[in-house]
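Taking it in order: structure first as structure tokens, then the write-up.
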Amino acid sequence: MSNERLTDATPIASLRPASLTELGAMRRAVELARRGPAHGPNPRVGCVILAPGGSDGPDAAQRPVLGEGWHRGAGTAHAEVAALADAQALGADVRGATAVVTLEPCDHTGRTGPCSIALLGVGIGRVVISVADPNLTAAGGAQRLRDAGVDVVEGVLEEQGIGLLGAWLLAIERGRPFVTLKLAASLDGRVAAADGTSRWITSDVARAHAHRLRAEIDAIAVGTGTVLADDPSLTARTASGELTEHQPLRVVVGMRDVPAGARLRGPGGELLHVRTHDPAEVLAALSALGVRHLLVEGGPRLAAAFLGAGLVDEVHAYVAPVLLGSGPSAVADLGIGTIADAVRLVPREVVHLGPDILLVATPAAATPTAATPHTSLPRNAVPGTTVPGTASTKEN
Ligand code: AOF
Ligand code: ZN
């Protein structure tokens with residue numbers, strides 16, 4: 001699977017192409033969509049408006065590009081409307097034109113109005129879509145457009161369109177946030193030594209990698225035990241230690257109180273305390289807040305609770321070439337008494353991070369699709385890269 005999600009390192013072609021085929025326009029639309037935020041309740045969507053034509057199919061001749069747009073996050077214009085505004089600003093006549101869009105135009109009034117109506121309103125003649133909208137509240141745009149006599153083509157570069165949607169698509173389909181479980185452990189699976197010390201198990205390169213993921217997800221959860229033992233701040237930080245622009249919602253799971261002076265109450269994302277031990281309840285609470293991608297960071301009991309409930313979609317295991325021999329293991333008792341009952345994971349990717357290894361794997365029971373967002377981060381971190389001011393394996 002390919003690297004589908006935008007990271008700081010992703011180069012973006014800034015020049016607007018003068019003309020494209022419909023297929024080329026869909027590739028461009030995917031690229032434009034990646035300019036939008038990977039986090040947030042809404043999907044990343046891109047749209048290109050091409051001059052009229054196209055009845056010969058998506059691979060036919062190039063046509064002038066009249067406008068381009070992408071979605072910049074919940075509450076802002078949808079990609080189609082942004083592209084129409086762009087075309088209008090350029091003085092283009094879009095009557096009879098083709099809208100090439102990565103997601104089926106919406107047919108609802110939510111935070112903004114229906115794109116189906118906006119496209120009909122300007123007299124669009126043809127709409128080329130990559131992925132059908134799985135969001136039942138918003139779907140129906142393709143049908144409305146067809147009913148109004150617009151030529152609609154669906155499923156163009158669908159695999160790329162699905163990859164672009166990443167965790168969002170799975171979250172919508174499953175009706176709960178996509179869950180990534182992060183483990184950071186020694187070679188013998190320990191997250192701390194016998195005396196509780198846990199710093200410097202994984203390298204700064206591995207920690208920097210984990211921070212980049214934090215900056216792309218919606219929420220990050222730890223158990224109360226981890227809050228009390230480690231006092232983590234659960235912020236997303238840059239390589240130089242500054243807070244990134246987007247901070248994930250900080251979620252504490254469990255009954256015990258978060259101390260008044262806890263770092264979790266300091267600068268960073270908002271704090272949500274869910275007083276339960278039931279992962280399903282946590283996910284329901286987060287769904288209600290529009291969380292699409294949750295990172296479960298620890299400790300061992302929370303990891304075991306999510307795994308035990310079958311609510312882990314993807315595991316990121318950072319493994320350091322360090323041996324401890326004793327100390328708590330990354331996952332607490334799962335109640336497994338015999339090897340036949342082991343939780344088997346399917347390896348998806350191995351990334352070398354300085355001296356450490358990141359294994360991305362999905363539980364065998366989970367059904368990965370092209371949208372599995374495990375490839376959101378760069379494959380190869382630069383060996384020897386250091387991140388000043390962060391020393392803990394627990395990514396506090
Ligand atoms: C977007 N951006 O470019 C398109 C979307 O929250 P709302 O009212 O903005 O509506 C979000 C839904 O609209 C979203 O879940 C998806 O089904 C549909 N299309 N959404 O945020 C876009 N085209
Ligand atoms: Zn829309």
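Can you tell me which residue is farthest from Ala83 (Cα to Cα) among those in segment 116-140 that are in contact with a strand residue (DSSP E or B) (Cβ under 8 Å, 6 or more places away or on another chain) and not aliphatic (A, V, I, L, M)?
Asp133
Any idea which of Ala381, Ala364, Ala288 is within 22 Å of the chain's Cα centre (by Cα), loosely packed, with under 15 Cβ neighbours inside 10 Å and at pLDDT below 95?
Ala364
Show the residue pairs meeting these rules: Cβ distance below 6 Å; 6+ apart or different chains; first residue within segment 152-164 and free of Cβ contacts under 8 Å to residues at least 60 places away in the same chain; second residue surrounded by fewer than 18 Cβ atoms within 10 Å (Cβ to Cβ).
Once the first residue is free of Cβ contacts under 8 Å to residues at least 60 places away in the same chain and sits in segment 152-164, its partners that are surrounded by fewer than 18 Cβ atoms within 10 Å (Cβ to Cβ) give Val152/Arg146.
Considering every residue within segment 29-46, establish whether at least one is farther than 30 Å from Arg176 by Cβ and surrounded by 17 or more Cβ atoms within 10 Å (Cβ to Cβ). Before you say what the answer is, go through the steps one by one.
If we filter segment 29-46 for residues that are farther than 30 Å from Arg176 by Cβ, which is where we start, we get none.
Scanning segment 29-46, I find no residue that is farther than 30 Å from Arg176 by Cβ and surrounded by 17 or more Cβ atoms within 10 Å (Cβ to Cβ), so the answer is no.
Condition check ((1) outside any helix (DSSP H, G or I); (2) within 15 Å of Cys47 (Cβ to Cβ)) across all residues:
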{"residue": "Ile124", "(1), (2)": "yes, yes"}
{"residue": "Gln143", "(1), (2)": "no, no"}
{"residue": "Leu164", "(1), (2)": "no, yes"}
{"residue": "Leu170", "(1), (2)": "no, no"}
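Taking the conditions exactly as written (within 30 Å of His246 (Cβ to Cβ) and more than 9 Å from ligand 2 (Cβ to nearest atom)), does Thr102 satisfy them or not? Spell out the reasoning first.
Numbers: within 30 Å of His246 (Cβ to Cβ): yes; more than 9 Å from ligand 2 (Cβ to nearest atom): yes.
In short, yes.
Report yes if Gly161 is closer than 28 Å to Leu294 by Cα and either in the same structural domain as Gly308 (by TED's automatic domain parsing) or touching a strand residue (DSSP E or B) at 6+ places or on another chain (Cβ under 6 Å) (or both), otherwise no.
Numbers: closer than 28 Å to Leu294 by Cα: yes; either in the same structural domain as Gly308 (by TED's automatic domain parsing) or touching a strand residue (DSSP E or B) at 6+ places or on another chain (Cβ under 6 Å) (or both): yes.
In short, yes.
Select from segment 76-113 the residues that are of a type in the set (D, E, K, R) and either closer than 20 Å to Pro134 by Cβ or over 29 Å from the mean Cα position of the chain (by Cα) (or both) and list them in ascending order.
Glu80, Asp93, Arg95, Glu104, Asp107, Arg111
Where the second residue is buried (at least 20 other Cβ atoms within 10 Å of the Cβ) and of a type in the set (Phe, Trp, Tyr) and the first is touching a residue at least 60 places away in the same chain (Cβ under 8 Å) and lies in segment 306-327, which pairs have Cβ atoms under 8 Å and are six or more apart or on separate chains?
Pairs found: Val312/Phe306; Asp313/Phe178; Glu314/Phe178.
Listed residues Val282, Val319; which is surrounded by 17 or more Cβ atoms within 10 Å (Cβ to Cβ), assigned by TED's automatic domain parsing to the domain that holds Ala192 and part of a strand (DSSP E or B)?
Values: Val282 fails: part of a strand (DSSP E or B).
The unique qualifying residue is Val319.
Which of the residues spanning segment 234-261 are more than 18 Å from Glu297 (Cα to Cα) and small (Gly, Ala, Ser)?
Of everything in segment 234-261, those that are more than 18 Å from Glu297 (Cα to Cα) and small (Gly, Ala, Ser) turn out to be Ala239, Ser240, Gly241, Ala260, Gly261.
Within the bounds of segment 237-250, is there any residue that is closer than 26 Å to Val351 by Cβ, assigned by TED's automatic domain parsing to the domain that holds His273, crowded, with 18+ Cβ neighbours inside 10 Å and at pLDDT below 95?
Yes, the conditions are met somewhere in segment 237-250.
In segment 111-119, is there at least one residue being near ligand 1 (Cβ under 8 Å from one of its atoms), among the hydroxyl-bearing types (Ser, Thr, Tyr), free of Cβ contacts under 8 Å to residues at least 60 places away in the same chain and part of a loop (DSSP other than H, G, I, E, B)? Lay out the reasoning, then the answer.
Of segment 111-119, the ones near ligand 1 (Cβ under 8 Å from one of its atoms) are 111-112, 115.
Okay, now just the ones that are also among the hydroxyl-bearing types (Ser, Thr, Tyr), so 112.
Still in the running and free of Cβ contacts under 8 Å to residues at least 60 places away in the same chain: 112.
Going one step further and asking which of them are part of a loop (DSSP other than H, G, I, E, B), we end up with 112.
Yes, because at least one residue in segment 111-119 is near ligand 1 (Cβ under 8 Å from one of its atoms), among the hydroxyl-bearing types (Ser, Thr, Tyr), free of Cβ contacts under 8 Å to residues at least 60 places away in the same chain and part of a loop (DSSP other than H, G, I, E, B).
What are the residues in segment 126-141 that are of a type outside the set (S, T, N, Q), under 24 Å from the mean Cα position of the chain (by Cα) and either surrounded by fewer than 22 Cβ atoms within 10 Å (Cβ to Cβ) or not in a strand (DSSP E or B) (or both), if any?
Within segment 126-141, Ala132, Asp133, Pro134, Leu136, Ala138, Ala139 qualify.
What about Thr202, is it part of a loop (DSSP other than H, G, I, E, B) and either surrounded by fewer than 24 Cβ atoms within 10 Å (Cβ to Cβ) or of a type outside the set (S, T, N, Q) (or both)? First the steps, then the outcome.
On the way: part of a loop (DSSP other than H, G, I, E, B): yes; either surrounded by fewer than 24 Cβ atoms within 10 Å (Cβ to Cβ) or of a type outside the set (S, T, N, Q) (or both): no.
Spelling it out, it is not the case that Thr202 is part of a loop (DSSP other than H, G, I, E, B) and either surrounded by fewer than 24 Cβ atoms within 10 Å (Cβ to Cβ) or of a type outside the set (S, T, N, Q) (or both).
Going residue by residue through segment 348-359, is there one that turns out to be small (Gly, Ala, Ser), more than 19 Å from Ala167 (Cβ to Cβ) and modelled with pLDDT of 95 or more?
Checking segment 348-359: at least one residue is small (Gly, Ala, Ser), more than 19 Å from Ala167 (Cβ to Cβ) and modelled with pLDDT of 95 or more.
The values are calculated or read from the model by the stated rules, or taken from the named source; none is laboratory data. All figures in this text were calculated on a predicted structure; none of them were measured in a lab. Quick reminder, even Gly has a Cβ in these numbers, built from the backbone with ideal geometry, and neighbours come from all protein chains shown.
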